[in-house]
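Read the structure below first, then the notes.
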Amino acid sequence: MNYRVSNSLKSLKAYQPGQSEKDVKEKYNRDFFVKLASNESPLKPFDSVILALKENIESLNIYPDPSARGLIKVASKYYSVPEDSILAGNGSNELIDLIIRLFCEPNDSVLTSKGAFIAYKVCSGSNRAKLIEVPLNENYSLSLKEYDKTLTQLDQQNELPKIVFIPNPNNPTGSYISKEELKPFVEKWGDREDLILIIDEAYNEFVSASDFCEGSEFLKFKNVVLLKTMSKVFGLAGLRLGFMIADPNLLSLVHRIRNPFNVNTLAQVAGACALNDTESIENIKKLIISGREDLESFFKDIKIEYTPSQANFVFFDTKKDALIVHDKLLSEGLILRPLIPYGFKSHLRITIGDVEQMSFAKDVLKKVLV
Ligand SMILES: Cc1ncc(COP(=O)(O)O)c(C=O)c1O
């Protein structure tokens, strides 16, 4: 069937999610797999969240609160921002899509880095915007010098992109941008009326570097937008919940184009509960940071090159065809993430799991890589 879909969307490729255990069980004829492929939390949702979900399951015949007021109240306290500066979405992925849709006419451009989170590319494509990617540094970190160089050139040609995406830390490389680099960049570009500067902080809860700076420092700039997710440290990837934090006037425009019930009832209940559960949040942070440090020293010991990470995953170089290595790991029961859509042919990404999962993963990695 030759559907008459829009010509400008015909060449788009669907997002490739990490493989699930179900996907690989039959193919590799194994019952047991450890999946460390999608940067999820290795722990089940917090006990407090499970209880609250059970208590609310019987109200699912009623539509959710379209403005998620209870959730926004708790989130505004957690992130220390006024309630009208925060908007909830069906995962931060939905918010990436909405902001591009709001600002971009067909062929307007969006700027990010090569090797940055792939949703910027997918959502630019589906909104018919053009994606411009600046080069990465040699060590796979994002280069704000390259961002600045490209923005300056485009500005001189009167072709400034509408939106700039800066993931900090970045997925899939795990690198971060220090305060020393970020501050002058935001001060230069953050109050331009013709530009939206998005700092995507999906992983900032896992940062331990002392020279990191929270994007919230820059909220005085009217064109700075922060993105947050509840899919990582809060363990709610399956419910889909994220936040956009920005100037209330900008958010009122996003409200106009979002679906009325974009955040379902259970996500609203679970999100509010998780944000209040300080003890569980601290426990998972500790687990991930110590698992990451342990994995990085293991990579050092077995002489595998990796990019130092500030997130809940580590990006490493197999120095071989990553798809072949990935296949060998799968046949040993370990599911990691190949990064071909990002253009990385010899790298893989491993999410930090719990202690047992990491012990299994290290045994398999040693067997296959050394
Ligand atoms: C940098 C970054 N931003 C945003 C997201 C999207 O998160 P979600 O849509 O689950 O909230 C991810 C998910 O992996 C990510 O890596």
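The values are calculated or read from the model by the stated rules, or taken from the named source; none is laboratory data. Because the structure is predicted, anything quoted here is derived from the model rather than measured. All Cβ positions, glycine included, derive from the backbone under ideal geometry; neighbour counts span all protein chains shown. We work out accessible area using only protein heavy atoms, side chains counted, and drop any ligands, DNA or RNA first. Shrake-Rupley method; radii C 1.70, N 1.55, O 1.52, S 1.80 Å.
For this structure, a couple of remarks:
- Any hit, segment 251-271, residues being within 16 Å of the ligand (Cβ to nearest atom), open to solvent by 10 Å² or more (accessible area, probe 1.4 Å) and not in a loop (DSSP other than H, G, I, E, B): yes
- Of the candidates Lys13, Lys27, the single residue that is in a loop (DSSP other than H, G, I, E, B), charged (D, E, K, R), in contact with a helix residue (DSSP H, G or I) (Cβ under 9 Å, 6 or more places away or on another chain) and more than 16 Å from the ligand (Cβ to nearest atom) is Lys13.
- Selection status of Ala209, assigned by TED's automatic domain parsing to the domain that holds Leu251 and either away from the ligand (no atom under 14 Å from the Cβ) or among the polar types (S, T, N, Q) (or both): yes
- Residue in segment 316-331 that is open to solvent by 70 Å² or more (accessible area, probe 1.4 Å), in a helix (DSSP H, G or I) and under 26 Å from Asn139 (Cβ atoms) present: yes
- Residue list for segment 326-363, restricted to those being touching a residue at least 40 places away in the same chain (Cβ under 8 Å) and over 25 Å from the mean Cα position of the chain (by Cα): Lys328, Ser331, Gly333, Phe360
- Matching option when the condition is of a type in the set (Phe, Trp, Tyr) and either under 21 Å from the mean Cα position of the chain (by Cα) or within 16 Å of the ligand (Cβ to nearest atom) (or both), among Tyr78, Tyr63: Tyr78
- Whenever a residue of segment 1-28 is under 13 Å from Asn127 (Cα atoms), its partners that are among the β-branched types (Val, Ile, Thr), lying with C-beta atoms within less than 9 angstrom and at least six residues away or across chains, give the pairs Leu12/Val122.
- Filter result for Glu193 (more than 13 Å from the ligand (Cβ to nearest atom), open to solvent by 10 Å² or more (accessible area, probe 1.4 Å), over 15 Å from Leu111 (Cα atoms) and modelled with pLDDT under 95): yes
- Every condition in (1) within 16 Å of the ligand (Cβ to nearest atom); (2) touching a Gly at 6+ places or on another chain (Cβ under 9 Å); (3) small (Gly, Ala, Ser) holds for Gly291 except the one numbered (1).
- Residue within segment 22-41 that is of a type in the set (A, V, I, L, M) and either surrounded by fewer than 17 Cβ atoms within 10 Å (Cβ to Cβ) or in the same structural domain as Ala202 (by TED's automatic domain parsing) (or both) present: no
- When residues of segment 82-119 are limited to those that are part of a helix (DSSP H, G or I), away from the ligand (no atom under 15 Å from the Cβ) and touching a strand residue (DSSP E or B) at 6+ places or on another chain (Cβ under 7 Å), the one most open to solvent (accessible area, probe 1.4 Å): Phe103
Okay, residues lined up against (1) among the aromatic types (Phe, Trp, Tyr); (2) within 30 Å of Arg69 (Cβ to Cβ):
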residue	(1), (2)
Val225	no, yes
Phe234	yes, yes
Phe243	yes, yes
Arg258	no, yes
Ser280	no, yes
Ile288	no, no
Val314	no, no
